[in-house]
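Structure record follows, encoded as structure tokens.
The values are calculated or read from the model by the stated rules, or taken from the named source; none is laboratory data. Because the structure is a prediction, the values reported are computed rather than measured. FYI the Cβ positions are ideal-geometry reconstructions off the backbone, even for glycines, and counts take in every protein chain you see.
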Amino acid sequence: MATGSQNPATPHRAVLPVVMLALATVVSAVASLNTAVPSIARGTGAGQTELAWIIDAYALVFAALLLLGGAIGDRYGRRRALAAGLVVFGAGSAAAALASDPAWLIAMRGVLGVGAALVMPATLSTITSTFPAEQRTRAVGAWAGVAGASAIFGLLASGTLLEAWSWRSVFVLNVVLAVVALVATLAVVPESAESDAPRLDLTGAAITVAGLGVGVYSIIEAPTAGWTSVRTLAGLAAGLVILAGFVGWELRRPNPLLDPRLFRVRAFSAGTLSITLQFFAFFGFVFIILQYLQLVKGDSALIGALSLLPLALTTMPFARGVSPRLTAKIGPRRVMTAGLLLVSVALLIFSLLDAGSSYWLLLAGLLPLGAGMGLAMTPGTAAITDALPPDKQGVGSAMNDLARELGGALGIAVLGSILQSGYRSSLRTEGLPGPVAERAKESLAVATRLGPQIGDQARTAFADGVQAAMLTASIAVAATAVAVAALHRAPRSGTPKSAAAPTDQDAKLNALP
């Protein structure tokens, strides 16, 4: 049962722009720092592995604590969770702006992730608990639109700042946005909570953080340690064992953070897999391509961000217009599969990029990438939520958010590691002193400062790494398209769920606690 201290005189419409600002603040931070990666490498001396950690620490902690963050808001109050998350996010950003070495920056990005995990679920649950039923759908649609557009906003905002200031300005912007959102939250957002919310599953959250942390650490460090080394393989195995322990723990809990039995539902599994791999590809692509544009092609941070605008301009109309109409005609399974195949084709095109490629080749991949994500995202999200009964819609929303953030974290880790492996193996350092050769292998940003000859070789080697990463991503998404087509057997969206006959899937769901 929801309880709150909402003032009847407080217009609920005033709440929407406030939670939208809070949402945009934390979601844009997932992508905004990507434009600053070359600047950070030059300013802090970070190698490619450290750069991957700087970007991924935020997404990893964000994803690992997202379900716990939602539970905290439900139990102790969404306004409190939103305000606390903004304070943590702003304080972490201020500390990150003062960083002088990669380790401190990585740690503070993790702190930002803690704040974001409190903020994001609180924004949506505040909307659903504040808006009347007849206006809730439109408000939730606005929330989804901001969540989707904020990544591009973050890239453009940070690219603009970097034209005049250093990478630290990106964190200063975070502080400003967090302070404004915090003041507005305290002034406008009403308190709401669930009086019968279950106890927090802190053990489950800790197991999740440990399992994902060990697994992602092993992936990011693999280019240095070796993909087949005992260290890497043991780390990956340990991560899987810990996550298996999470499944066992959650199955025994009366009120789990995430009930693994939900994945018995084929449509739910298909939607989750689809969303995860879409954002795996998207955030991995953004992390890699902005380095390619700036360090290989010589573009500025702003030009690099603007180069990706066709992606956003294609995604939005396909997600809001084309995908719903096609889904009504041919069903979500075909639309989702077609979208994933388009994403795979786009990534295959990106695998052709080299040091001398023109922007037209990049554009040829951006258009199908945007169209594919636009087609697949809407039915993927609907597959997650529509597969669950009304009393489990909160779980569906949380799972959609988790799939996005976890996919992004894994995409940066896996594709970034493949990029680094390709770069290190392709870079020829014969004739260079040992310490210089090792520095050149750390990152392209470092290599370009070691002289024109090694700089040109390093750019070519980096492009080789880009090709390997994009080809791997293309194969992974194509395999996902096949898996989604096999899993998803849901009725066409034109058939109302209420009119459909009860199925075994419904019986399984109704049997869940």
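Please find, among Phe171, Phe89, the residue that is aromatic (Phe, Trp, Tyr), in a helix (DSSP H, G or I) and closer than 25 Å to Leu293 by Cβ.
Details: Phe89 fails: closer than 25 Å to Leu293 by Cβ.
Exactly one residue qualifies, and that residue is Phe171.
Yes/no matrix, rows are residues, columns are (1) under 24 Å from Ile55 (Cβ atoms); (2) β-branched (Val, Ile, Thr); (3) touching a His at 6+ places or on another chain (Cβ under 6 Å):
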{"site": "Ala181", "(1), (2), (3)": "yes, no, no"}
{"site": "Gly213", "(1), (2), (3)": "yes, no, no"}
{"site": "Ser218", "(1), (2), (3)": "yes, no, no"}
{"site": "Val230", "(1), (2), (3)": "no, yes, no"}
{"site": "Gly245", "(1), (2), (3)": "no, no, no"}
{"site": "Pro254", "(1), (2), (3)": "no, no, no"}
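Of all residues in the range 259-270, those that are β-branched (Val, Ile, Thr) have Cβ atoms under 8 Å from Cβ atoms of residues that are part of a helix (DSSP H, G or I), 6 or more apart or on another chain, in Val265/Gln505; Val265/Lys508; Val265/Leu509.
Specify which of the listed residues (Thr272, Thr276) is surrounded by fewer than 24 Cβ atoms within 10 Å (Cβ to Cβ), in contact with a helix residue (DSSP H, G or I) (Cβ under 6 Å, 6 or more places away or on another chain) and closer than 19 Å to Gly380 by Cα. Write out each step before concluding.
Values: Thr272 fails: surrounded by fewer than 24 Cβ atoms within 10 Å (Cβ to Cβ).
Checking each option against the conditions leaves just Thr276.
When Ala84, Ala96, Ala103, Ala91 are checked against the criterion of being aliphatic (A, V, I, L, M) and either touching a strand residue (DSSP E or B) at 6+ places or on another chain (Cβ under 9 Å) or surrounded by 24 or more Cβ atoms within 10 Å (Cβ to Cβ) (or both), a single residue qualifies: Ala96. Condition test on Leu369, is it part of a helix (DSSP H, G or I) and surrounded by fewer than 24 Cβ atoms within 10 Å (Cβ to Cβ)? No; evaluated as a whole, the condition is false for this residue. Restricted to the range 68-100, and to residues that are farther than 24 Å from Ala184 by Cβ and in contact with a helix residue (DSSP H, G or I) (Cβ under 6 Å, 6 or more places away or on another chain), which residue is modelled with the highest pLDDT? Going through the qualifying residues, I end up with Ala99. Consider the range 384-430 and keep the residues that are in a helix (DSSP H, G or I) and of a type in the set (Asp, Glu). The one that is modelled with the lowest pLDDT is Asp391.
Consider Asp74 carefully, then state whether it is part of a helix (DSSP H, G or I), more than 19 Å from Leu162 (Cβ to Cβ) and in contact with an Asp or Glu (Cβ under 9 Å, 6 or more places away or on another chain). Give the steps one after another, and end with the answer.
Numbers: part of a helix (DSSP H, G or I): yes; more than 19 Å from Leu162 (Cβ to Cβ): yes; in contact with an Asp or Glu (Cβ under 9 Å, 6 or more places away or on another chain): yes.
It is true that Asp74 is part of a helix (DSSP H, G or I), more than 19 Å from Leu162 (Cβ to Cβ) and in contact with an Asp or Glu (Cβ under 9 Å, 6 or more places away or on another chain).
In summary, helices (runs of 4 or more DSSP H) completely within the range 249-331 and bearing 1 or more residues that are farther than 20 Å from Gly408 by Cα and in contact with a Phe, Trp or Tyr (Cβ under 8 Å, 6 or more places away or on another chain) occur at 301-307. Return yes when Asp299 is surrounded by fewer than 24 Cβ atoms within 10 Å (Cβ to Cβ), among the acidic types (Asp, Glu) and more than 15 Å from Val37 (Cβ to Cβ) and no when it is not. No. Being hydroxyl-bearing (Ser, Thr, Tyr) and assigned to a helix (DSSP H, G or I) is the filter; apply it to the range 340-366 and report the residue that is surrounded by the most Cβ atoms within 10 Å (Cβ to Cβ). Restricting to residues being hydroxyl-bearing (Ser, Thr, Tyr) and assigned to a helix (DSSP H, G or I), the top hit is Ser344. Close Cβ contacts (under 6 Å, 6 or more residues apart or on different chains) running from residues in the range 131-152 that are small (Gly, Ala, Ser) to residues that are modelled with pLDDT of 70 or more and surrounded by fewer than 19 Cβ atoms within 10 Å (Cβ to Cβ) comprise Ala139/Phe131. In the set Pro132, Pro190, only one residue is at pLDDT 75 or above and either assigned by TED's automatic domain parsing to the domain that holds Val18 or surrounded by fewer than 19 Cβ atoms within 10 Å (Cβ to Cβ) (or both); that residue is Pro190. Of all residues in the range 458-476, those that are closer than 8 Å to Leu419 by Cα have Cβ atoms under 6 Å from Cβ atoms of residues that are in a helix (DSSP H, G or I) and β-branched (Val, Ile, Thr), 6 or more apart or on another chain, in Phe462/Val296; Val466/Ile288; Ala468/Ile418; Ala469/Ile288; Ala469/Ile418. Restricting to the range 274-328, and then to whatever is modelled with pLDDT of 85 or more and among the polar types (S, T, N, Q), can you tell me which residue is nearest to Tyr58 (Cα to Cα)? Among those residues, the one meeting the criterion is Thr276.
Please work out if Pro379 is touching a Ser or Thr at 6+ places or on another chain (Cβ under 9 Å), modelled with pLDDT of 90 or more, of a type outside the set (Val, Ile, Thr) and in the same structural domain as Ile475 (by TED's automatic domain parsing). Even if it seems obvious, please write down each step before you answer.
Details: touching a Ser or Thr at 6+ places or on another chain (Cβ under 9 Å): yes; modelled with pLDDT of 90 or more: no; of a type outside the set (Val, Ile, Thr): yes; in the same structural domain as Ile475 (by TED's automatic domain parsing): yes.
Considered against the rule, which asks whether it is touching a Ser or Thr at 6+ places or on another chain (Cβ under 9 Å), modelled with pLDDT of 90 or more, of a type outside the set (Val, Ile, Thr) and in the same structural domain as Ile475 (by TED's automatic domain parsing), Pro379 comes out as no.
Condition test on Ser158, is it at pLDDT 85 or above, small (Gly, Ala, Ser), in a helix (DSSP H, G or I) and closer than 26 Å to Ala95 by Cα? Spelling it out, Ser158 is indeed at pLDDT 85 or above, small (Gly, Ala, Ser), in a helix (DSSP H, G or I) and closer than 26 Å to Ala95 by Cα.
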